[in-house]
Amino acid sequence: MSTISIAQFHKVFFEESLEGLDAMEAALLALDEGGDAELVHSIFRAAHSIKGGAATFGFPDMASFTHEAESLLDQVRDGRRAIDKPIVELMLRTVDCLRGMFDRAQAGQPLADAGSESLKQQLAAAVGREIPAAVTKAAAKPAASSGWIIQFRPHAGMLAGGNDPLRLLRELAALGQLVVEAQLDRVPALDALDPSECHLGWRLELTGAVSRDAIAAVFEWVEDECDLSIEPLVAVAPPPAPAVEAIAAPAGAGAAAGTARSAASSNDAGSVRVGIDKIDSLIDLVGELVITQAMLDQFREEFDLSRLSMLQDGLAQLARHTRTLQESVMGIRMLPIGSVFNRFPRLVRDLSQKLGKQVKLEMIGEHTELDKTVLEKIGDPLVHLVRNAIDHGLEMPDKRRAAGKSEVGTLRLEAFHRGGSIVVEIVDDGAGLNRDAIIAKALQKGLITSGEGISDEDVGDLIFQPGFSTAAVTTDLSGRGVGMDVVRRNVVDLGGNVAIKSRAGAGTTFTITLPLTLAIIDGLSAAVGDECYIVPLVSIVESIQLPADAVRSVTGGGELFRFRGEYLPIVRLHQQFGCATARQNIQDGLVIVVEADGNQVGLFVDELIGQQQAVVKSLEANYRRVDGISGATILADGSVALIVDIAGLIRLQGRRKAA
Amino acid sequence: MGGKSKGDAGTSGGARVGMPADFRIADVMDMHRQLRDALNVSPVVLDGTTVDRVDTAALQLLVAFQRDAQKRGHQVSWAGASAPLYDAASQLGLAQTLALPAKQSA
């Protein structure tokens, strides 16, 4: 017999379900702003698919949890219950909880936890609570949601002892509504059966306002003759009231789920869903390439100069197709930034409710495409900036009114192309940076020595310093000491940068500039002896030629030069990487001032060759890891150039200094 | 006790098994024997129309028979089931397993 492992379908199930959850969330948020019945249907369908999938793929906890949510949605769908804020809130938390379950499922951990169990009870309570109102007959029996599960397995001798389970079950049935499920698994074959012995067992569900004692009393006389367990059908913890109250604290939970999610996605190799149109265009291009190749092939057989122009045409075609093919292949890794933006409506809603602020979220350019790796890593910094904007940027409604602005603050997320980069802007129309507070804080932290004559630009830059937070009160939203410096570092790690513009009273704009892809970088190629090194353009501050006397030697063998009022160390690339033929005198070569993590150094090279795009090849995969080198690329003449890892080089420099 | 069971082997290779009016633990041995015999033939018609009193032991016996007969691929049908038989089987969650006919008014 061949066995098909159902586990191979898990990944698809997870992906589809997470998409379903996204759709559910979007529809719920739309409902929150007054939607139509079709939204309810789409939410129901998503929940239903997840329930079905969970049951099929062996996640009973998830299936039973979703079942409760589905029951509630069913009531809404049938018009038995109006969709209101508490229900939307409850369903949104259900979405969060399911996401958590999927994370745990992917990590192979148990799905249910205290949070999911309590939410399940609340869903059940929400479903149950409404039943008495809708069905008048049930209203006569109070607390329909409470009940007991009784496992009852008589010992073999119970019948002979004169106690009949039939009588016990009748007594139970008199207490409330009894659902009986007989367990026949231990009944022996007729031939082997001693009819005076009992081999049956029962699982009983007793619903109604029944006390445990009342049930125990029924079994009082047979306690010694049977195995018995009595457990609450609905855990007693939350009484049916808390649907509204329990909703108060979802923001934190949502955030926690968010971090868990990104953690799970980072340790997974990942896959990309590619639109069929992209694949089709790739196939077309490959077809073109084959034709071009066939055309060029002719010249191998016979070639005379009269056909030179044909050859040139063919080569030009080949170049064009290759370039387009490269772009298309890159395009496969490109995903719309909308998939990151999607989380913000929910975030903004939760935050603004929690803070009592009114926020209108505008999102523009969701279709702008970004490299998948960049996309995955930009999510957290964006969340941080959006939180900051709502927490610190936008003012409370009364303050806004006093300042003559609309009570509703506007937060705009916009993504667009600019040159070879993607720009994401987070714009708020709040109070702007508090210049005085920032300067005071920076003085206190010793980041600056004097507040005099500091430009707005420099003030903006201060908030990116490690450990900087001006929030008067540390809220649990932002201002936990992990701040803008982390945002900047994350963005820089992606080869991008963050800029801030602020006008007092008019708002703040954060501009994140990101490379289109991590696979190609813009670099400056520099010659060092016979070698060529690529310095990433984003790290370069300036290139200068230094006179010999501008460089001071310091004890320990280091060299410093003065640059804009500061002394920067010089890193001689030829020493660093051992190029013997390089120029030795400072005045013969060039110093490229580069920056990473807020530190600047001067790289000494022979000369600059020019700016170029470099396709990054992994050095680790093809050779081994080298400190100070982030990768390699192949130059037009076929030789290999190494790409300098500026941050790594500066770390190396620091270590040498410390040693 | 009082009720006498009538079990006549059918001439057409089948059997009809009637149940006593008092079908309880004290009288199940006789029924056990009859049902064991009935396991060897098909089809079997069970007659529970006259059952007045019934208990868990009796129903367990019927469950075991019904299950074993099915395993052998034999046909078992009901000539009828009295209200007490039906009620007791339902109460124990066994009515479906026994494939009892719909409740008859006594």
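Quick notes on this one:
- The requirement of being part of a loop (DSSP other than H, G, I, E, B), crowded, with 22+ Cβ neighbours inside 10 Å and within 13 Å of chain A (Cβ to nearest Cβ) is satisfied by B:LEU98.
- Restricting attention to the stretch A:189-202, the residues being without any contact (Cβ under 8 Å) to a residue 40 or more places away in the chain and at the interface with chain B (Cβ under 7 Å from one of its Cβ atoms) number 6.
- For the stretch A:88-107, the criterion of being more than 24 Å from the chain's Cα centre (by Cα), farther than 30 Å from A:ALA7 by Cα and at pLDDT 80 or above is met by no residue.
Residue by residue, here is whether (1) within 12 Å of chain A (Cβ to nearest Cβ); (2) crowded, with 21+ Cβ neighbours inside 10 Å holds:
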site: B:ALA58; (1), (2): yes, yes
site: B:ALA83; (1), (2): no, no
site: B:ASP87; (1), (2): yes, no
site: B:LEU94; (1), (2): yes, yes
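- Among the residues of the stretch B:60-81, the one identified as surrounded by fewer than 20 Cβ atoms within 10 Å (Cβ to Cβ), more than 16 Å from B:ARG16 (Cα to Cα) and small (Gly, Ala, Ser) is B:GLY73.
- Which listed residue is loosely packed, with under 15 Cβ neighbours inside 10 Å and either more than 9 Å from chain B (Cβ to nearest Cβ) or modelled with pLDDT under 80 (or both), from A:GLU223, A:GLU205: A:GLU223
- The single condition from (1) of a type outside the set (Gly, Ala, Ser); (2) at the interface with chain A (Cβ under 9 Å from one of its Cβ atoms); (3) more than 21 Å from A:VAL180 (Cβ to Cβ); (4) touching a residue at least 12 places away in the same chain (Cβ under 8 Å) that B:ARG67 fails is (3).
- The residue pairs whose first member lies in the stretch B:23-51 and is within 8 Å of chain A (Cβ to nearest Cβ) and under 24 Å from A:GLY161 (Cβ atoms), whose second member is in a strand (DSSP E or B) and not β-branched (Val, Ile, Thr), and whose beta carbons are closer than 8 Å, counting only pairs six or more residues apart or on different chains, are B:MET31/B:PHE23.
- Which numbered condition A:LYS85 misses (of (1) surrounded by 18 or more Cβ atoms within 10 Å (Cβ to Cβ); (2) in contact (Cβ under 8 Å) with a residue 24 or more places away in the chain): (1)
- Residues in the stretch A:486-535 that are touching a Cys at 6+ places or on another chain (Cβ under 8 Å) and in a loop (DSSP other than H, G, I, E, B): A:GLY529, A:ASP530.
- Residue check: B:VAL54 meets all listed conditions (1) surrounded by fewer than 23 Cβ atoms within 10 Å (Cβ to Cβ); (2) under 17 Å from A:ASP164 (Cβ atoms); (3) facing chain A (nearest Cβ under 10 Å) but one, namely (1).
One line per residue, one yes/no per condition, for (1) modelled with pLDDT of 80 or more; (2) part of a helix (DSSP H, G or I):
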site	(1), (2)
A:GLU366	yes, no
A:LEU375	yes, yes
A:LEU385	yes, yes
A:HIS392	yes, yes
A:SER406	yes, no
A:THR410	yes, no
A:GLU425	yes, no
A:ILE438	yes, yes
A:GLN465	no, no
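- Residue pairs meeting the criteria (Cβ under 7 Å; at least 6 apart or on separate chains; first more than 9 Å from chain B (Cβ to nearest Cβ) and in contact (Cβ under 8 Å) with a residue 24 or more places away in the chain, in the stretch A:165-181; second in a strand (DSSP E or B) and among the β-branched types (Val, Ile, Thr)): A:GLY176/A:THR207; A:GLN177/A:THR207
- The set of residues in the stretch A:147-164 being in a loop (DSSP other than H, G, I, E, B), more than 11 Å from chain B (Cβ to nearest Cβ) and modelled with pLDDT under 85 is empty.
- Scanning the stretch A:170-202 for residues that are surrounded by 13 or more Cβ atoms within 10 Å (Cβ to Cβ), assigned to a helix (DSSP H, G or I) and at pLDDT 85 or above turns up A:ARG170, A:GLU171, A:LEU172, A:ALA173, A:LEU190.
The values are calculated or read from the model by the stated rules, or taken from the named source; none is laboratory data. Just so we're clear, the structure is a prediction, and the values are computed from it rather than from any experiment. Positions of Cβ are backbone-derived with ideal geometry, glycine not excepted, and every protein chain shown enters the neighbour counts.
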